[in-house]
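> The structure under discussion is supplied below as structure tokens; questions concerning it will follow.
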Amino acid sequence: MRPRLTLHIVTSFVIVALGVTGCSNNPFKTAPPAAPLMLEPPLGVSAPAHTLPQMSAMPPLPSYADLDGRQLEAALVRSRSESQVMQDEIAALRDQLASTSQQLAQVRTAGMSPAAATGGGAPGAAASTPSTTMRSALAELALPDLEPRFDGTVVRIDIPADRIFDGSTANLLPGGTALLTQIAGELQRVYPGHFIGIEGHLDNEPLQNATWASPHQLTAARAAAVFDFLTTRTPMRESQLFLVAHGANHPLVSNATAAGRARNRRIELVIYPERIGGDG
């Protein structure tokens, strides 16, 4: 009995030992999964596309279908409001244009005779306009020492400065006041109530009077002297006269000769078709 027991014990031990050692050397045992092998590409070499990190998908852009119905309605209301504002502005511009056209037509009609304005009168008769009236009246001016001329729509009377002013001053000569009185009487007779500009002119010679710093100052002073005389010593009214100082900017002829320079030193009386008080 003892030898069998001993053999059984030894056999059991061997089996247990084999079982212990066999567990680690069992060829049929499944090996644990190996860790993934991570290989970094060499410096300067791009990694394969499938190894690059994937970007998350971009969120979809909002569309008009995603807008709230109230937002669409508000946008429609704003659009209609802006359209109405534009229509109102266009209507205002049309009204302004119509008003301007009507005023222009009235001005043109006012410059015509009543027969011409209403379409009456003799067939083929020439319409009477301010220009034709001014031109026809020009021949009635009795100024033998001067040469009034028609210029566009106005009449100009050139008065040599040497005839009415003392040298290079703005002081009127006695003969100058007599000449201005004669001119004023003729203007009151032929062009009563017309607007008249008093324009001073010089030549291009340097000023000989230190009182004036520029030709414009001298021509302004001379025009003012004529204005003062006409409004205080003749029937002309201040409301129909105005002053312009041109200096040497508008010569009639060349300043190359003494005669030309003398002609450019002048006072021009410019008679306009319009009359004070709105009379045409």
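Every read-out reported here was derived from the displayed coordinates using simple, explicitly stated rules and does not represent laboratory data. Keep in mind it's a predicted model, so treat the numbers as computed, not measured. Here Cβ is always computed from backbone atoms with ideal geometry, including for glycine, and neighbour counts include all displayed protein chains.
> Taking the range 218-280, which trypsin sites (Lys or Arg not before Pro) meet the DSSP loop condition and have no more than 13 other C-beta atoms within 10 Å?
Values: sites: ARG222, ARG233, ARG237, ARG261, ARG263, ARG265, ARG266, ARG275; in loops: ARG237, ARG265.
Those satisfying the criteria are ARG237.
> Using the reciprocal of the averaged 1/r over all distinct C-alpha pairs, how large is the Kirkwood radius of the range 214-257 in Å?
Numbers: mean 1/r = 0.0843 Å⁻¹.
About 11.9 Å, per the Kirkwood formula over Cα pairs.
> Percent relative contact order of the range 148-278, based on C-alpha pairs within less than 8 angstrom and at least six residues apart? All intermediate terms of the calculation are to be shown ahead of the outcome.
On the way: 232 pairs, mean separation 51.5, N = 131.
The normalised contact order for the range 148-278 reaches 39 percent.
> Another question about this same structure. What area, in nm² and to one decimal, does the C-alpha convex hull of the range 148-278 cast on average over all directions? Can you show the working numbers first?
Numbers: hull surface 31.5 nm².
The directionally averaged projection comes out at 7.9 nm².
> Now for a separate question. Provide the per-residue ³J(HN,Hα) series for the range 255-270, in order, calculated from phi with Karplus coefficients 6.51, -1.76, 1.60 and θ = phi - 60°, each as a whole number of Hz, with x at glycine and proline positions.
Each residue's phi maps through the Karplus curve to give 8, 6, 10, 5, 5, x, 5, 5, 6, 6, 7, 7, 10, 9, 9, 10 Hz.
> Find how much the distance from ILE276 to THR153 grows on full extension, using 0.36 nm per residue of separation minus their present alpha carbon separation; answer in nm with one decimal. Please report the intermediate quantities before stating the final value.
Values: separation 123, 0.36 × 123 = 44.28 nm, distance 1.67 nm.
Extra length available between ILE276 and THR153 comes to 42.6 nm.
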